[in-house]
Every structure is written in C-alpha cells, then in structure tokens.
Amino acid sequence: MAGLKGTISTSAPFAAAAGAARTPIYYTAPANSDSKLRGFLLMCDDATATDRAAVGSLARMSAAGSGGSAIAAAAIVHDDLRFNTATYPFVGTGRQGDTTAATVDKILMPLALEQKNSGIVFYYPPGEEPVIPRGTSAGINITPSADISGVVAALFIEE
C-alpha cells in the first residue's frame with residue numbers, strides 16, 4: 001500500500017426494489033497490491049411517509065454483481081503544511097448500483113437500517129482496518145423490506 005486515501009462512491013442515488021438483493025458499491029483492489037478498507041457510508045432516503053427497513057452486509061466479495069456501471073475512484077491527498085490538495089488516480093476499480101447482488105465470500109459486518117431516512121457512517125480504528133487482498137473485492141449488499149427510492153453508498157479506501 002502506497003498510502004493513498006480516498007473514496008469510491010455512488011454518483012447519484014438509485015432505487016432499490018423490495019426483497020431484491022443489490023450491491024450499491026463494490027471495489028476491487030489492484031492486482032499487485034493490497035488495499036485497506038478504512039470505512040464506509042450507507043444512506044437510504046425515501047419520499048414515502050412510512051419507514052423502510054433494509055438489511056445487508058459489508059463483505060468480501062468473490063464475484064461482482066451485474067446491472068450497474070463502472071466508476072472511477074480518485075484518491076485525494078491533503079498536504080496540511082502547505083494547504084495543497086493533489087489528486088492521484090486509484091489503481092483499483094469500482095462498480096455502483098448493481099441490480100444483481102455480488103457474491104459474498106466473507107461478511108465483515110452485518111448492517112441494518114430501520115428508518116426511512118437513515119444511514120450509517122463507520123470508520124475502523126487506525127490499525128484495525130480490514131485488508132482487501134490484491135485482486136479481491138469488497139462491497140456492500142442490501143435487501144430492502146420495501147421499495148426505497150434513494151440509496152447512496154461509499155467505501156473509504158487506502159491503496
């Protein structure tokens with residue numbers, strides 16, 4: 001790992017149908033180096049008046065889902081001494097909004113959202129971040145109990 005820190009995130013909210021497993025965000029580490037999963041964000045928003053629950057997991061994935069699109073990840077490096085911000089490209093790749101869920105290899109953390117306008121932002125303590133081994137993937141799968149009109153997700157990565 002070169003120490004590049006950044007975010008890979010959905011470019012816009014997307015809809016998730018009731019009872020259908022989806023993969024809102026998915027990241028594959030570079031073939032020649034490991035990455036760290038520093039944290040994640042998952043937000044669900046809906047225009048209806050009733051609550052919508054969603055269950056899922058942050059997991060290592062053995063196969064990508066389908067129906068979504070590829071997204072580029074950019075690492076942002078802040079130089080606090082000179083107040084410069086330089087952007088470097090990530091080598092790893094990402095996907096967003098897959099309508100067919102990715103195949104889970106190992107669950108890192110179970111997730112549950114109970115309110116219609118709720119979310120989770122979680123950072124692992126320094127030194128405790130799970131490693132995404134070279135060439136393997138991690139992401140978030142969710143299955144809503146009712147239709148959700150807006151799902152947003154992000155993974156905070158270090159390459």
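What to note about this one:
- Qualifying positions in segment 17-44 - buried (at least 18 other Cβ atoms within 10 Å of the Cβ) and part of a loop (DSSP other than H, G, I, E, B): ALA21, ALA29
- Exactly one residue out of SER69, SER57 is polar (S, T, N, Q) and modelled with pLDDT under 90, and it is SER69.
- For segment 110-131, filtered to residues that are closer than 22 Å to THR100 by Cα and of a type outside the set (Gly, Ala, Ser), the residue that is surrounded by the fewest Cβ atoms within 10 Å (Cβ to Cβ) is PRO110.
- Within segment 132-147, considering residues that are within 18 Å of LEU58 (Cβ to Cβ) and not small (Gly, Ala, Ser), the one surrounded by the most Cβ atoms within 10 Å (Cβ to Cβ): ILE140
- Residues located in segment 10-54, provided they are farther than 15 Å from SER149 by Cβ and at pLDDT below 85: SER11, GLY19
- Failed item in (1) modelled with pLDDT of 90 or more; (2) more than 17 Å from ILE25 (Cβ to Cβ); (3) among the hydroxyl-bearing types (Ser, Thr, Tyr), with TYR88 passing the rest: (1)
- Against the list (1) of a type in the set (D, E, K, R); (2) more than 29 Å from LYS106 (Cα to Cα); (3) modelled with pLDDT of 65 or more, the condition ASP79 fails is (3).
- Hey, SER137 at pLDDT below 90 and of a type in the set (S, T, N, Q) or not: no
The values are calculated or read from the model by the stated rules, or taken from the named source; none is laboratory data. Owing to the predicted nature of the structure, the values given are computational and were not obtained by experimental measurement. Note that each Cβ is placed from the backbone with ideal geometry, even for glycine, and that neighbours are counted across all protein chains shown.
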